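Data block below; observations after.
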Amino acid sequence: MDRVLDLAIIGSGPSALTAGIYAARSELSVKIFERKAYGGSLTEIAYIANFPGFDGEGMELANGLKSQAETAGVEFDYGECTEIAPAVDIDLSEKAFALTIDGERVLARSIIIATGSEPRKMDLDTDKPISYCALCDAPLYKDKKILVIGGGNSAVGESLMLAEYASELTLINRSPLRAEKTLISQLKSLSNTKIEENVLDFTKYLDSTDGIFVFIGKKPASDFFATSTSNFSGEKLTDDDGYILTDADNMTKIPGIFAAGDVRQGSIKQAITAASDGAVAAISVKNYLTSVKK
Ligand code: NDP
């Protein structure tokens, strides 16, 4: 018979990796599936200064968490989950789920969905290059003009890194900035940056730049779960914005399936709260598996 994991974790950001560490240390068989890069959103954050006990590049935190998870016994594999369904066609003594990952079937007694969020895209009328990842594309803009759109922590935080490359960086937002004051002060102190708030017409800014970086928030990566609804009770599993609904134990409407991190309704989208969310989900998984074995 096919192997049945105790826990399959989808995604590998801070919530997933923390969940993996907790679950593996509780002697569960755990495998993490990631479609892009181990570390998830951490790999695209230039600098993290508000994760207690850590002060450095996002990639460094991602590597540290991954290596801790490996030491605890977590297995890793690349692959994209496109569907979850009850595993009803196999002879199992306990309930299990069938995940479709890169077209292959994976069986697990429980699941944590920790798929995070994706950048919200912007439809801009321009032929200039548009990027959603500062860390990936910043080196292309050495001594060039950069336009950043957005006014949250991502826009201002990533601008600090982009400004190290650009000859000139202009940050524009449709309303007053909402980023932390410390970040805004840091950006204002740089000699090659300019901030413009309450900009409603972007045209002149688009015309006079070499490239555009857009940071206007994120949307949850939950489409595959929402479309799996019909495989279960038919009950709505996400809110209208696509965030997964959970109870206080981070369990979704389907017993045995949990969610953690940015993809969960109510998340405040910080690396530290994602990590905490992952710990809650893993402890709940352990309790769930113990209760269904009784
Ligand atoms: P936010 O939702 O905080 O900010 C989005 C920004 O984009 C706002 O200024 C918003 O303007 C603007 N915006 C949204 N939609 C549009 C649109 N259609 N057209 C033009 N402008 C638009 O997103 P962030 O990605 O910055 O942050 C998400 C979360 O992650 C936050 O909770 C943030 O604190 C957190 N974060 C934390 C970091 C850290 O701790 N180091 C780093 C980065 C993010 P308006 O105000 O008018 O809506």
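The values are calculated or read from the model by the stated rules, or taken from the named source; none is laboratory data. Owing to the predicted nature of the structure, the values given are computational and were not obtained by experimental measurement. FYI the Cβ positions are ideal-geometry reconstructions off the backbone, even for glycines, and counts take in every protein chain you see.
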Tabulated pairs, region 260-277, first charged (D, E, K, R), second within 12 Å of the ligand (Cβ to nearest atom) and part of a helix (DSSP H, G or I), C-beta under 8 angstrom, 6+ apart or interchain: Asp262/Ser41; Asp262/Ala274; Lys269/Asp262; Asp277/Gly261
- prompt: Of all residues in region 63-88 being in contact (Cβ under 8 Å) with a residue 40 or more places away in the chain and part of a helix (DSSP H, G or I), which is nearest to the ligand (Cβ to nearest atom)?
  reply: Leu65
- prompt: Taking the stated definitions as given, is Lys121 part of a loop (DSSP other than H, G, I, E, B) and of a type outside the set (S, T, N, Q)?
  reply: yes
query: When you scan region 215-231, how many residues do you find that are surrounded by fewer than 16 Cβ atoms within 10 Å (Cβ to Cβ) and in contact with a Pro (Cβ under 7 Å, 6 or more places away or on another chain)?
result: 1
task: State yes or no: is Thr182 farther than 29 Å from Glu80 by Cα and touching a helix residue (DSSP H, G or I) at 6+ places or on another chain (Cβ under 9 Å)?
output: no
Region 110-119, residues that are modelled with pLDDT under 95 and either surrounded by fewer than 17 Cβ atoms within 10 Å (Cβ to Cβ) or more than 16 Å from the ligand (Cβ to nearest atom) (or both): Glu118
message: Regarding region 6-28, can at least one residue be identified that is over 21 Å from Ser222 (Cβ atoms), assigned to a loop (DSSP other than H, G, I, E, B) and of a type outside the set (D, E, K, R)?
response: yes
query: Which one is surrounded by the most Cβ atoms within 10 Å (Cβ to Cβ), of the residues in region 240-258 that are within 16 Å of the ligand (Cβ to nearest atom) and closer than 20 Å to Gly40 by Cα?
result: Tyr243
